[in-house]
Amino acid sequence: MKSQQSTANAQSERFKIGISACLMGHEVRFNAGHKRHGFCADQLVNIANLVPMCPEVAIGLPTPRPAIRQVHRDDVIAVEWSKPKAGDEVVDFAPALAAKASEFLAAHDDLDGYIFMNDSPSCGSVNVKTYRTNGYQATRKGVGVYAAGIMAAAPLMPVEDAGRLNDPVIRENFMVRLGVYRAWRLLKLSRETLTMGDLIRFYSPYKYLLMAHSQTAYKAVGRLLANHDRKPVNILADEFIAVLMDGFKVLANRKSHSNVLLHMLGYFKKHLSQDDRQEMLSHIDQYRLGITPLVTPLVLMKHHVKRLPGNYLSEQKYWQPHDAGLGLRSAI
Ligand code: SF4
């Protein structure tokens with residue numbers, strides 16, 4: 001059954017992304033401050049509906065409030081006051097925070113992704129500090145309890161910590177994953193049942209983009225879609241999107257992008273003069289060596305694509321997998 005929200009988001013051209021409220025400038029932190037994130041609050045907001053949520057405030061904690069922290073206690077991860085007063089009863093906020101994650105997803109079943117505030121015992125999606133009661137040093141292997149609830153319930157949905165989004169490669173990767181995940185959601189909403197043809201048509205424009213991210217996933221998808229095992233399409237579809245989303249998590253780099261560009265250049269054998277081909281090769285090399293950004297060889301090659309018969313190459317998402325206005329490929 002498709003919810004009204006899913007249908008409404010399908011009709012909108014904008015992404016819908018959950019986000020830690022403090023990243024949008026809401027003064028909800030323990031110290032009544034915020035952690036406004038420029039990319040999210042100034043740029044992403046132009047192409048996405050950002051849904052702010054502060055789970056600590058949502059479970060009834062006041063602002064300002066004493067800080068809380070994760071504690072590995074009796075084999076469970078508890079979330080407690082950082083500095084309890086002597087004689088205070090130990091309160092574990094973890095169950096309430098986890099319940100908020102379920103509530104949020106039930107209210108927003110049409111999310112395309114989530115951006116979490118890094119390092120938070122509630123919201124951090126990686127490397128959260130977890131204290132231990134046995135006297136051992138704190139570790140940095142934890143996941144915020146609210147974030148863990150969101151990720152467990154929507155394991156394929158792209159998520160990222162805001163701090164990591166400051167890295168241009170990770171930022172670009174997140175936007176790629178948002179686009180793929182959203183396209184898949186919309187495909188599923190538009191069909192009662194998926195056919196083999198649906199999977200092949202969906203994947204075809206992503207082929208070179210996936211090749212840039214993960215050769216392993218690229219080969220695995222090829223094997224899956226050949227379907228030598230004659231698996232039912234619904235089972236195959238679940239495996240396909242899991243492999244695809246996993247593959248896109250791998251960060252593409254100058255070597256892998258150069259490899260894709262060279263592959264695509266192979267299509268031009270009969271359609272480019274020797275000079276044009278040499279110019280293209282030289283641009284790919286300059287990009288590979290870190291002299292120019294990805295956008296430089298891409299623009300030149302895209303200019304030549306119209307010379308090719310058919311539209312297989314021109315329809316590749318690789319040319320522009322996200323909003324051009326963000327200028328993400330000028331920074332990688
Ligand atoms: S990190 Fe999460 S819980 Fe902490 S203030 Fe921000 S939104 Fe609230």
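Structure notes:
- The range 283-332 and the range 251-265 have Cα centres separated by 10 Å.
- Overall dimensions of the chain, expressed as equivalent-ellipsoid semi-axes from the Cα gyration tensor (√(5λ), whole Å, largest first), are 42, 23, 18.
- Rounded if a/c under 1.5, otherwise prolate or oblate - the range 210-285, Cα gyration tensor axes: oblate
- Among 166, 257, 210 - extreme Cα towards positive end, dipole of the range 113-263, charges at beta-carbon: 257
- Helical contribution to [θ] at 222 nm, DSSP H n ≥ 4, -39,500 (n - 2.57), averaged over the chain, rounded to 500: -13000 deg cm²/dmol
- Distance between modelled label sites at residue 300 and residue 47, nm, 7 Å Cα→Cβ extension: 2.5 nm
- Counting only alpha carbon atoms, the long axis of helix 215-226 and the longest principal axis of the chain meet at about 70°.
- Taking Cα atoms only, the orientation of helix 94-107 departs from the longest principal axis of the chain by about 50 degrees.
- Compared with the alpha-carbon gap, the fully stretched path from residue 242 to residue 138 is longer by 34.1 nm at 0.36 nm per residue.
- The H on the amide N of residue 292, modeled in the peptide plane, is under 5 Å from the matching H of 287, each at least 5 residues off or on a different chain.
- Antiparallel %, DSSP beta bridges [both residues in the chain], to 5: 35 percent
- Once the 1.4 Å probe is applied to the protein heavy atoms, the chain comes out at 50 Å² accessible per residue.
- In terms of packing, defined here as the mean over residues of other Cβ atoms within 10 angstrom, the peptides 73-79, 279-285, 120-126, 292-298 line up highest first as 120-126, 292-298, 279-285, 73-79.
- Given charges at beta-carbon only (K, R positive; D, E negative), |dipole| of the range 92-162 in Debye: 500 debye
- Translational diffusion coefficient (Stokes-Einstein; Kirkwood radius from C-alpha pairs) of the range 4-165 at 20 °C, 1.002 mPa s, in µm²/s: 131 µm²/s
- Förster radius 56 Å - calculated FRET efficiency between residue 83 and residue 320, Cβ distance, rounded to 0.05: 0.65
- C-alpha long axis of helix 295-305 to longest principal axis of the chain, angle in °: 40 degrees
- Residues of type aspartates and glutamates that residue 219 reaches as a straight line, Cα spacing below 20 Å, ignoring anything fewer than 8 places off in the same chain: 198, 229, 238, 239, 246
- Nearest-0.05 FRET efficiency for residue 99 and residue 201, computed from C-beta distance (R0 35 Å): 0.30
- Whole-Å semi-axes of the range 130-204's equivalent ellipsoid (Cα gyration tensor): 36, 17, 9
- Local charge for residue 125 was computed over the other residues whose Cβ lies under 11 Å away, with Lys and Arg +1 and Asp and Glu -1, and equals -2.
- The value of relative contact order for the chain, using C-alpha pairs under 8 Å at least six residues apart, is 13 percent.
- Overall form of the range 51-90 per C-alpha gyration tensor (a/c, 1.5; a/b vs b/c): oblate
- Projecting the Cα positions of 247, 123, 314 onto the charge dipole of the chain (unit charges on Cβ atoms of Lys, Arg, Asp and Glu, taken about the Cα centre) puts 314 furthest along the positive direction.
- When the solvent-accessible area of the chain is split by element, carbon and sulfur atoms take up 53 percent of it, the probe being 1.4 Å.
- Taken one residue at a time, the phi angles of the range 165-178 give Karplus couplings (6.51, -1.76, 1.60, θ = phi - 60°) of 5, 6, 7, x, 5, 5, 4, 5, 4, 4, 5, 4, 5, 4 Hz. Gly and Pro are set to x.
- Length added when fully stretched, residue 225-residue 307, from 0.36 nm per residue minus Cα-Cα: 26.5 nm
- Estimated FRET transfer efficiency when R0 is 30 angstrom, pair residue 216-residue 291 (beta carbons, to 0.05): 0.55
The values are calculated or read from the model by the stated rules, or taken from the named source; none is laboratory data. These figures come from a predicted structure and were not determined experimentally. Heads up, the Cβs are rebuilt from the backbone with ideal geometry, glycines too, and the neighbour counts pull from every protein chain shown. Ligands, DNA and RNA are stripped out before the accessible areas are found, and what is left, the full protein with its side chains, is counted by its heavy atoms. Shrake-Rupley method; radii C 1.70, N 1.55, O 1.52, S 1.80 Å.
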